[in-house]
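The values are calculated or read from the model by the stated rules, or taken from the named source; none is laboratory data. Remember, predicted model here, so these are calculated numbers, not experimental data. A quick note on method: Cβ atoms are made from the backbone with ideal geometry, for glycine too, and the neighbour counts reach across all protein chains shown. Only protein heavy atoms, including side chains, enter the accessible area calculation; ligands, DNA and RNA are left aside. Shrake-Rupley method; radii C 1.70, N 1.55, O 1.52, S 1.80 Å.
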Amino acid sequence: MATHAGLSAPALGRGGVPAAPPVASAQANLFSPRGADGWQHGSQSDAEKQFSRCAAKLRALRADSRQLREELNQLFDQLLSENYNKTFYPNIDIRPEDVCTLLKHASGLVPLSQEHLVIKLCQLMHHLLNQLKVIMDEQTLDVLVNYTASALKLCSTWTHSDVLLALSTIVYGNGSQCHQHLSDLLVEDGVLLQYSAPSQPNMELRRVALICMANICLRIPGQPLLDDKYKSVCFGVFLKTLQSPRPLDTDELFYCLVIQAALKGLQCCLSSGKWKFGGGEELGSVLATLKRLMFQAVPGVNVEWPSVLYPAPLPQYEGHSAPKPAEPQKPSGPPKDKKSRGKGKKTGTEQSRGDDGEEDDRVAVSASQKGGGGEFMSKTAAPSLYPSWKVNSSDSEFSDAEGNAQSKLRIYHGRVRQGALHCLQAVVKGVEKRTLYGYWSSFIPEAPIGGRPSLTLLTIICKDPSPKVRECALQVLSAMLDGSRQFLAVAEDTASPRTSYTPLSFSLATAVRELHRALSLALLAETAPQTLTQIIKCLAFLVANAPYHRLRPGLLSPLWKQIRSYVRYRDANVRVSVLTLYGALVTTQAPLPEVQLLLQQPDSGGGSSSGSYTPSHTHSPNALRTLTGEDSAPPWLLQLCVSLVTQPREEQSDSEGGGMGAGAVLEPSPVRVEALQVLSHLVRGYFSLTQACLCEIGQVCARCLGETDPNIQLHGAKLLEELGTGIIQQYSQDNKVPESSRVPMSQVVQFWSDVLSGPLNRALQNEQHPTLQTSACETLSCILPQAFAQLPDKMQLMCITVLLGLTYSEKHLVKTAAVRALGVYILFPCLRKDVMFVADTANTVLTALSDRSPIVRAKAAWSLGNLTDTLIVIMGSVGVDIQEELSDMLLLKMLQAATRGTTDNDRVKANAVRALGNLLHFLRQSQLTKSTFQPPLQDAVHALVQTVQSEGTMKVRWNACYALGNAFKNPALPLDSAVWSCDAFSALCHVVTSCKNFKVRIKSAAALAVPTRRGCYGDTERFGCVWHSLATALENSEDTNDFLEYRYSASLRHTLSHALLHLLSISQSEDMPALGASLESEEGKAIKEHLLRYLRAEEGGGEGAEGEKDTGGNTKGFIVVLVLCEQSKHD
């Protein structure tokens, strides 16, 4: 079994551990080769020739050779002198098996007594495996691990640093394959635990041992998990290292490397599957440690950090170790203007957002600073974060060597902070959201109320000098906000807060406001494009999860205006993130009144374009205004997105490959795709504001479908789908949109005529891009039924023909979309009268029901349910013509296919039972009496009974009860004489009394009240059983342990009372003794009270009066009078 040892030791070499991605990958090495800058760089062919020559000589050597030591020494030097790094030489062709053979043979030639050769061999292992990205086989892995483990036992201590480095390269991502060796390396007195212990005086050995343990814990995707006992041992060592103070005699720079290695190991433990924190305070201890390291060596931060963070609704403030001088009094006048990072002069809006009493968080940089260092200058009143590098030092304060050391130490401290944030991100992703919410106040502050602000992620985002650290903090904050909608849904500040205590809702609301404030300041100050992109993405996560409909308006308007300037930013990634944020703004709780007002505001010409922006006159916001007229200008955001998709961009940044000079090119594909997604969100949430541009947006979609980029084509089709869905929702019966505000029917017809005449047809037939075909099928299913009826016959025929053909596609996604679209079309009034179309759809759906894909079968069952719904509608409106025109064989196949569907998964089963109920309702007397229908009929009812009594999902059981009630509506069914009739009534009686779900009970009670004739209920015993079940259910209609079910209890009592009165209305004289005894019993008193309450609610029993007309209800009238008399006695 191949292992991934070749993705070896991290690119950090002997000097340090740079911050790496949260999960180490094959292309992101954690450690670089020793002395990488010293390799002799030859050509690619020279390196291959040198390797082949040396490998051949090495394989020819034997252990008994006289000159073995000299020859090995020479060959090792030659192999180490070459650079095999595939990053620089991607075409280098050295086979992994040749490397494995060489290293295995060399390990057999170098005895452990020759320690100098052992060191060179270990260096060679690290050099070859690391640079060539060798994936070792199990035999090589076992041989090399065994050799290095033996060297650690037998060789002198001075060799162990190189041996451990080689071992870390070998075990990189292969920890789960080395169990037999881990039992020796990770035991209590094992060499790794000895060298990684905080008491180890040799920092080099300690660092490399931690690196080795980190690589053991690292999991490459596809590899099995490391045993929990070994992972727990390593986790404890990493955490203990991070919590231990720096020894007094240890160089601070070198100790940073130890901390980086421990952080990387902790991250590997947390990232390899869901980490289970131990009981007690382990999670809080890890979070406290990481929070302390997040602020490693930040100037001015001198606090006593807690050893454990506890989950609490209120923030836990750190206590300061020593009293600080009083803060200087803030001037009463307006603050002085500050230069933001490369943004020039602030706009009035930006100044107003900064002047909210939190000048401490404002950041400024010197005009001469370049973007590479990321250091900043801050005019801050709080000395806790006063940057030491703000004060300009003269050249005489530090020598060159001292200055280089200080700069290097600052970089290493930044990498420690970066590593701590990577670990925190792993914790956020690995711990259950609900558990982590209790620690939010330690990392996300509430609005500042005065005094010294707490140290949180926002402090790093606004204050840290390193753009990479700021970016990591933003990634952590984004991970915390992602998926927090349910938690933040509690936030509310529309009401005035209580003075006695602060409720959680108000605390969360103020936290949301502080996030907006701090991220807005960070956005103003940031110049690094990658960090700027992350700020905007973080804002998008915040907007997508915060409940703005429960907050005071005013949070989104400044943000909307602030990010508007960045749509012309020179970096394409920033432009993409801005569009993502706009997409979140028009998606969150849409339609949101504040966003609706922002969309309706006229275009003010855009934001300023300073040196950070690339203005583009071709992206004119008036592109659509010329089409729609000046008086009905579309929303600015819609104009922007259309221009980004269709208009050329005159100027490109270097990264976009501009400079061709011949002609303008369109925006990069990611920008155009994101603009199309924003258009889709805008149409979905604010259709009324976009409907005036319906045909123009349709032209944009047609243009996208006509391009060659599959992503542009796909999102153009999805935008069409959203337009169709918006029109359907406007014309739905539930929508209260007045007729005058809807899109005119003539315009809808013209829109779809243009679409179907354009490139959509080509997309439907594009077999090279099945995803595009799928989206095109979904677009066809979004045509308004009334508009479809007015389309030309050839267009209607084209849609039907294409969909019927695509149901035979080999791509299951395409087949699923086509089958679903047919299920939509079968409900169209203009098509359901076409018997040929009904028959073709039925045959297609029956074929899809036997497909191997469960997704296809689920949609086929849904379409079959729709088809049978149509049969019931046609039967009621047209008479029996449709029953005569559909062949018995087709109906029989549908009945049998639906019966088989009840044994499939729940998604198929839920619609299969719906179809069975419709079919049993639809069949005629002449069909039911045929011998070919008898067994399938019995199987169908038996399937429904089994589904009702099953322990499946409640939706399936609800549908099964509904199906039985639907079947009971067929007067041709022999309910009085069929063998299966007793089973059907028994199943419904059992469910109505015992099911925990009240909605299922309601539907079963409604089904029991469907038969209109007394004979359908069978003999007196069965009739009494039905009565007793309904009476028992009514008596226990309030007994539930689930509060969510209690809300349906009133509806349940109403349905049960109606069913009981229905039984009374059709009862006969032989039923009276049992019914009278039931009403005169102790339980009967409560039943009579419920029935009387129901009759009063129904205004004297209107529904019962209708039953009396049908059945000559003297008996029913007598019972009702009896109920009234008994009630009057109690009163």
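Along the Cα→Cβ direction, 7 angstrom out, place labels at E252 and S850. What is the inter-label distance in nm?
Between E252 and S850, the label points sit 7.8 nm apart.
Can you list the residues of region 242-267 with backbone N under 14 Å from a point 7 Å past the Cα of K408, pointing along Cα to Cβ?
251-257
Count neighbours as other Cβ atoms within 10 Å of each site's Cβ, and list the trypsin sites (Lys or Arg not before Pro) in region 432-540 that are DSSP loop with at most 16 such neighbours.
Working: sites: K433, R434, K463, K468, R470, R485, R498, R513, R517, K537; in loops: R498.
In loop regions of region 432-540 (DSSP not H, G, I, E or B), the sparsely surrounded trypsin sites (Lys or Arg not before Pro) are R498.
Taking region 69-113, which trypsin sites (Lys or Arg not before Pro) meet the DSSP loop condition and have no more than 15 other C-beta atoms within 10 Å?
Details: sites: R69, K86, K104; in loops: K86.
Answer by residue number: K86.
Tell me, what ³J(HN,Hα) does each residue in region 69-85 have, in order and in whole Hz, if you take phi through Karplus 6.51 cos²θ - 1.76 cosθ + 1.60 with θ = phi - 60° and put x for Gly and Pro?
Using θ = phi - 60°, the values come out as 4, 5, 5, 4, 4, 5, 5, 4, 4, 5, 5, 6, 7, 8, 9, 9, 4 Hz.
Roughly how many percent of the accessible protein surface of region 166-278 is carbon and sulfur, given a 1.4 Å probe and a whole-percent answer? Show your work: numbers first, answer last.
Numbers: 2140 of 4030 Å².
Percent of accessible area from carbon and sulfur atoms in region 166-278: 53.
Output ³J(HN,Hα) for region 133-144: one whole-Hz value per residue in order, computed from phi by the Karplus curve 6.51 cos²θ - 1.76 cosθ + 1.60 with θ = phi - 60°, and x for Gly and Pro.
Couplings: 6, 7, 9, 7, 7, 5, 5, 4, 4, 5, 5, 6 Hz.
Can you check what the net charge comes to around L895, using other residues whose Cβ is under 15 Å from the Cβ of L895 (Lys, Arg +1; Asp, Glu -1)? Each step should come with its number before you reach the end.
On the way: positive: K893, R900, R914, R924, K930; negative: D888, D939.
It works out to a net charge of +3.
Can you pull out the trypsin sites (Lys or Arg not before Pro) in region 988-1022 whose DSSP state is coil and whose Cβ has at most 14 other Cβ atoms within 10 Å? If you can, show how the numbers build up before the last one.
On the way: sites: K996, K999, R1001, K1003, R1013, R1014, R1022; in loops: K996, R1013.
Hits after loop and neighbour filter: K996, R1013.
Around K718, with a cut-off of 12 angstrom between Cβ atoms, what is the net charge of the other residues, counting Lys and Arg +1 and Asp and Glu -1?
Working: positive: R684; negative: E721, E722, E778.
With Lys, Arg at +1 and Asp, Glu at -1, the net is -2.
What do you get for Rg/Rh over region 436-552 if you use C-alpha atoms and the Kirkwood form of Rh? Working shown, then result.
On the way: Rg = 14.1 Å, Rh = 14.6 Å.
Taking Rh as the inverse mean 1/r over Cα pairs, Rg/Rh reads 0.97.
What whole-number value in Å² describes the accessible area per residue of region 182-273 for a 1.4 Å probe? Show your work: numbers first, answer last.
Working: 3330 Å² over 92 residues.
Accessible area per residue, region 182-273: 36 Å².
Given H placed on each backbone N at 1.01 Å, which residues far from V665 in sequence or on other chains put an amide H within less than 5 Å of it?
R649
In the structure displayed, which of K859/K999; K240/K264; K859/K969; K955/K1003; K104/K133; K57/K86 lie more than 21 Å apart, Cα to Cα? Write down the numbers at each step before the final one.
On the way: K859/K999 25 Å; K240/K264 14 Å; K859/K969 27 Å; K955/K1003 11 Å; K104/K133 17 Å; K57/K86 24 Å.
Where the Cα-Cα span goes over 21 Å, the pairs concerned are K859/K999; K859/K969; K57/K86.
Under the 0.36 nm per residue contour assumption, what length would be gained going from the current alpha-carbon distance of L890 and N905 to full extension? Show your work: numbers first, answer last.
Values: separation 15, 0.36 × 15 = 5.40 nm, distance 2.41 nm.
The span from L890 to N905 would gain 3.0 nm if fully extended.
Treat each spin label as a single point 7 Å out from the Cα along the C-beta direction, and report the D976 to R552 distance in nm.
Using points 7 Å along Cα→Cβ, the separation is 7.4 nm.
Can you quote the Å³ per residue value for the convex hull of the Cα atoms in region 969-1047, rounded to an integer? Before the final figure, lay out the partial values.
Numbers: hull volume 6.6 nm³, N = 79.
Roughly 84 Å³ of hull volume per residue.
If amide hydrogens are placed 1.01 Å from N in the peptide plane, which non-local residues have theirs closer than 5 Å to the one on Y569?
T614
Using a simple spin-label model with points 7 Å from Cα along the Cα→Cβ vector, what separation in nm is obtained for E767 and D793?
So the label points at E767 and D793 sit 3.1 nm apart.
Ranked by accessible surface with a 1.4 Å probe, highest first, in what order do D464, D869 come? All intermediate terms of the calculation are to be shown ahead of the outcome.
Details: D464 5, D869 50 Å².
So, going from the largest accessible area down, we get D869, D464.
Of all alpha-carbon pairs in region 756-865, indicate the percentage at a distance above 16 angstrom. Show your work: numbers first, answer last.
On the way: 3193 of 5995 pairs.
So the pairs more than 16 Å apart make up 53 percent of the total in region 756-865.
P(r) for region 851-989: what percent of alpha-carbon pairs falls in each 10 Å bin, starting at zero?
The calculated distribution, bin by bin, is 13, 46, 34, 7, 0.
Determine the gain in length on full extension of the stretch E1035-S156; use 0.36 nm per residue of separation and subtract their C-alpha separation, reporting nm with one decimal.
Details: separation 879, 0.36 × 879 = 316.44 nm, distance 8.54 nm.
That pair, E1035 and S156, stretches by 307.9 nm at full extension.
Do me a favour and compute the ellipsoid semi-axes for region 405-468 from its Cα gyration tensor, root of five times each eigenvalue, largest one first, whole Å. Each step should come with its number before you reach the end.
Numbers: eigenvalues 124, 72, 10 Å².
After scaling each eigenvalue by five and taking roots: 25, 19, 7 Å.
If I stretch the segment between K57 and R1093 completely, what's the gain in nm (0.36 nm per residue apart, minus their alpha carbon distance), one decimal? List each step's numbers first, then the result.
Values: separation 1036, 0.36 × 1036 = 372.96 nm, distance 10.18 nm.
Extra length from K57 to R1093 when fully extended: 362.8 nm.
Lys and Arg at +1, Asp and Glu at -1: add these up for the other residues within a Cβ distance under 12 Å of V237 and post the number. Before the final figure, lay out each step's value.
On the way: positive: R206, K231, K240; negative: E188.
So the environment of V237 carries a net charge of +2.
What FRET efficiency would be calculated for the residue pair S1051, R1013, taking the C-beta separation as r and a Förster radius of 22 Å, to the nearest 0.05? Please list the in-between numbers first.
Numbers: r = 27 Å, r/R0 = 1.21.
That pair, S1051 with R1013, gives E of 0.25.
Using only alpha carbon pairs under 8 Å that are at least six residues apart, calculate the relative contact order of region 864-951 and give it in whole percent. Show your work: numbers first, answer last.
Details: 69 pairs, mean separation 30.6, N = 88.
With pairs under 8 Å counted, the relative contact order is 35 percent.
What is the percent carbon and sulfur in the accessible area of region 748-846, measuring with a 1.4 Å probe over the protein chains and ignoring ligands? Don't jump to the answer; show the numbers that get you there.
Numbers: 2110 of 4030 Å².
After summing per-atom areas, the C and S share lands at 52 percent.
How are the Cα pair distances of region 455-522 distributed, in percent, across 10 Å bins from 0?
Binned Cα distances yield the sequence 19, 43, 28, 9, 1.
PRE reach from M836 (point 7 Å along Cα→Cβ): which of region 793-824 fall under 19 Å by backbone N?
Of the residues in region 793-824, 793-806, 822 have backbone N under 19 Å from the label point off M836.
Rounded to two decimals, what is the ratio between the C-alpha radius of gyration of region 65-117 and 2.2 N^0.38 Å? Please list the in-between numbers first.
Working: Rg = 13.3 Å, N = 53, 2.2 N^0.38 = 9.9 Å.
It is 1.34.
From the Cα gyration tensor of region 803-894, with a ≥ b ≥ c the square roots of its eigenvalues, which class applies: rounded if a/c is under 1.5, or else prolate if a/b is larger than b/c, or else oblate?
In terms of gyration-tensor shape, prolate.
Roughly speaking, to the nearest percent, how much of region 440-544's 1.4 Å accessible area is carbon and sulfur?
The value for region 440-544 is 55 percent carbon and sulfur by accessible area.
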